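Below is one structure, written out as structure tokens; comments come after it.
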Amino acid sequence: MAKIILSPDRLMALFNCPACGYGHRIPVKPHEKGWDWNGDVDRPTFSPSILLRGHGSRNPKTEEYVDLPTCHSFVTDGMIAFCGDCGHEMAGKTVPLPDIITDSQ
Ligand SMILES: [Zn+2]
């Protein structure tokens with residue numbers, strides 16, 4: 001099962017963060033500021049680490065804007081490892097990325 005969704009131009013990747021409960025979207029190469037990605041949607045690896053600080057997200061269902069805690073992770077082989085500096089309760093834990101459901105495909 002896919003863990004990430006790519007934008008149509010394949011320059012943005014979206015995954016559901018099990019700690020934040022929201023999707024995180026990052027640019028991937030060949031985007032000029034993109035992360036390295038192993039090209040695998042089922043067992044993705046991104047490098048370097050993904051640090052989201054002072055960020056927010058819009059709930060896709062309610063359109064409500066929420067502030068999210070600092071989220072710092074390494075995504076490796078479909079697993080997400082949260083660093084100790086995360087502001088959420090999954091700091092220091094490693095869990096599988098949840099399967100991502102696409103209703104556009
Ligand atoms: Zn997160």
Fill in: Amide proton proximity set for D40, modelled H, under 5 Å, gap of 5+
T45
Discussion item. Stokes-Einstein diffusion coefficient for the stretch 1-74 at 25 °C in a medium of 0.890 mPa s, Rh from the Kirkwood formula over Cα pairs: what value in µm²/s?
Written reply: 189 µm²/s
Worksheet, complete the sentence: Interchain or sequence-distant (5+) residues whose placed amide H lies within less than 5 Å of the amide H of Y22 are C17
Fill in: Inter-site label distance for D99 and R53 at 7 Å from Cα along Cβ, in nm
3.6 nm
Item to complete: Starting at the first residue of the stretch 40-50, write each ³J(HN,Hα) from the Karplus equation 6.51 cos²θ - 1.76 cosθ + 1.60 with θ = phi - 60°, in whole Hz, x for Gly and Pro.
Response: 9, 7, 7, 10, x, 10, 10, 8, x, 5, 10
Worksheet entry | Estimated D of the stretch 55-105 in µm² per second, where Rh is the Kirkwood radius over Cα pairs and Stokes-Einstein applies at 10 °C, 1.306 mPa s | 125 µm²/s
Discussion item. Counting only other residues whose beta carbon sits under 15 Å from that of V95, what net charge do I get with K and R as +1, D and E as -1?
Written reply: 0
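Since every read-out is calculated from the coordinates, none of them should be taken as a lab result. Not measured: the values here are computed from a predicted model. Counting neighbours? That spans all protein chains shown, and the Cβs are built from the backbone with ideal geometry, glycine included.
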